[in-house]
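FYI, it's all coordinate maths here, none of it is from the lab. As the structure is a prediction and not an experimental result, all values here were calculated from the model. Here the Cβ positions follow ideal geometry from the backbone for every residue, glycine too, while neighbour counts run over all protein chains shown.
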Amino acid sequence: MRLTGFELRRIAMPLVTPFRTSFGVEYERDVLLVRAVTPDADGWGECVAMSAPRYSAEYVDGAAEVIRRFLVPAVAGLSTVDAHAVEPVFARFKGHPMAKAAVQTAVLDAQLRSAGTSLGGFLGAVRDAVPAGVSVGIMDSIPALLAAVESYLASGYLRIKLKIEPGWDVAPVRAVRERFGDEILLQVDANTAYTLADARHLAGLDPFGLLLIEQPLAEDDVRGHAQLARLIRTPVCLDESITSARAAADAIALGACAIVNIKPGRVGGYLEARRIHDVCAAHGVPVWAGGMLETGLGRAANVALAALPFFVLPGDTSASDRYYARDITSPFVLENGHVRVPTGPGLGVSPDIDALAAVTTATEWIRLQ
């Protein structure tokens, strides 16, 4: 079985509500989907790059160009559809992990669909459902934040993550704790919004018993995170800084993190994501699955990853309706605070043709044979 071509498809997914973080506000996701076509099966991958290079250096237009000009030609000569064979041919191109992850996932999905194997089974999943957390963006007011948190808790979410930035940190956390009590699992995500000079201020979060503070400092400031970890009691979790299993091992050795957030798109795909899981497990560092407002395709893959043994904290594996009124796959739903792991071949889900057509803004076909 060989690859016969790739489809690059752009879709526009309006969000149910605007999602604000320290690096901007999103109203709609401009998503690049990659479809790998073989004689036996098609596979799908979702590129999680944003419209502008704010979360990371990658952005959707750039990812599409890299895939078109470099990554697809690199896999054209592969004699078999094998995700492990994709990694070495991509290695000669520096960076662009989100673009690489999208192509690799599409190839892996086609490979597993042809073999009749689920992604969860391939990765080593040990659960049939995973605990779901929800990420709450920065709000215009504390009353609005409390109303949103109340709604998510009523829906059954097991963990609340608050986005924070300078000027929106201690006060909203205090308000949530006072309103909902110490029993709820609560954490915060700074998306690199602070510097080490803010250590004393960030220590003001310590009394609230947070699970963690996620990526408070710049992604390249691993040493600063190690220093910060010695100055505050709240466990430090790294996100943007963890770009590979080697980066995870280095951060752990330096004492820069007590917890790791694994986002497959950020690290180049699910093969490297599993390696990061294994490195963290070997060092006793718990991990959880991050999210990038994925559609049902990307969410299916993330849920399968989150079913691995050392994903011991609820991840950003929300139900589909947290972000989208209509998903492009059968929706993921919350069941007793959990989301089911797909069991079908590959990702275990496929696009709804009508839903996909309704949000498609452009398509491009690249023939290999």
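Could you list, in their original order, any pairs among Lys100/Lys263; Lys161/Lys263; Lys163/Lys263; Lys94/Lys163 whose Cα atoms are separated by more than 21 Å?
Lys94/Lys163
What's the center-to-center distance, using Cα atoms, between the stretch 90-112 and the stretch 186-207 in Å?
Taking the Cα centre of each part, the stretch 90-112 and the stretch 186-207 sit 34 Å apart.
Among 267-273, 81-87, how do they line up by average Cβ neighbours within 10 Å per residue, starting with the highest?
Numbers: 267-273: 23.6, 81-87: 18.6.
Descending packing order for the listed peptides: 267-273, 81-87.
Do any trypsin sites (Lys or Arg not before Pro) in the stretch 45-92 lie in a DSSP loop with no more than 16 other beta carbon atoms within 10 Å, and if so, which?
In loop regions of the stretch 45-92 (DSSP not H, G, I, E or B), the sparsely surrounded trypsin sites (Lys or Arg not before Pro) are Arg54, Arg92.
Whole Å is fine, so just give me how far the alpha carbon centre of the stretch 314-353 lies from that of the stretch 245-263.
Computed from Cα coordinates, the inter-centre distance equals 28 Å.
Looking at the square roots a ≥ b ≥ c of the eigenvalues of the Cα gyration tensor of the stretch 139-192, which shape do they give, rounded for a/c under 1.5, prolate if a/b is larger than b/c, or oblate?
prolate
From the C-alpha coordinates alone, can you work out the Kirkwood hydrodynamic radius of the stretch 1-123, in Å?
15.1
Taking 2.2 N^0.38 Å as the expected size of a compact globular protein, what ratio does the Cα radius of gyration of the chain give against it, to two decimals?
On the way: Rg = 19.8 Å, N = 369, 2.2 N^0.38 = 20.8 Å.
Ratio of Rg to 2.2 N^0.38 Å for the chain: 0.95.
Ranked by Cβ crowding within 10 angstrom, fewest neighbours first, how are Val75, Val149 ordered? It would help to have the intermediate numbers written out before the result.
Details: Val75 20, Val149 23.
Ranking Val75, Val149 by Cβ neighbours within 10 Å, fewest first, gives Val75, Val149.
Treating only the Cβ of Lys, Arg, Asp and Glu as charged (+1, +1, -1, -1), what charge dipole size does the chain show about its Cα centre? Round to the nearest 20 debye.
The dipole of the chain has a size of about 520 debye.
Under 1.5 on a/c is rounded, so check that first for the stretch 59-136, then, if it is not, pick prolate when a/b is larger than b/c and oblate when it is not; a ≥ b ≥ c are the square roots of the alpha carbon gyration tensor eigenvalues.
Oblate, because a/c is 1.5 or more while a/b does not exceed b/c.
What relative contact order, as a whole-number percentage, does the chain give when Cα pairs under 8 Å and 6 or more residues apart are counted?
On the way: 837 pairs, mean separation 80.9, N = 369.
Once divided by the residue count of the chain, the mean separation gives 22 percent.
Counting other beta carbons within 10 Å of each residue's own, what order do Phe332, Phe180, Phe19 fall into, fewest first? The partial results should precede the final answer.
Details: Phe332 23, Phe180 15, Phe19 19.
In order of increasing Cβ crowding within 10 Å: Phe180, Phe19, Phe332.
Find the centroid of the Cα atoms in the stretch 128-143 and in the stretch 1-45, then give the distance between the two in whole Å.
For the stretch 128-143 versus the stretch 1-45, the Cα centre distance is 23 Å.
According to the square roots a ≥ b ≥ c of the eigenvalues of the Cα gyration tensor, what is the shape class of the stretch 121-340, taking rounded for a/c under 1.5, prolate for a/b larger than b/c otherwise, and oblate for the remainder?
It comes out oblate by the Cα gyration axes.
Taking neighbour Cβ counts within 10 Å as the exposure measure, how do Trp44, Trp365, Trp288 sort from fewest upward?
If I rank by nearby Cβ atoms, fewest first, I get Trp365, Trp288, Trp44.
Tell me which residues come under 5 Å, amide H to amide H, from Leu162 once H is placed; ignore anything under 5 positions away on its chain.
Val136, Gln187, Val188, Asp189
So what is the relative contact order of the stretch 121-340, in percent, for Cα pairs below 8 Å that sit 6 or more residues apart? Before the final figure, lay out the partial values.
Numbers: 429 pairs, mean separation 50.6, N = 220.
Relative contact order of the stretch 121-340: 23 percent.
Could you sort the peptides 253-259, 215-221 by per-residue average Cβ neighbour count (10 Å cutoff), highest mean leading? Before the final figure, lay out each step's value.
Working: 253-259: 18.0, 215-221: 21.0.
Top to bottom by mean Cβ count within 10 Å: 215-221, 253-259.
Can you give the calculated 222 nm mean residue ellipticity of the chain, where each DSSP H run of n ≥ 4 adds -39,500 (n - 2.57) and the sum is split over every residue, rounded to the nearest 500 deg cm²/dmol?
-9500 deg cm²/dmol
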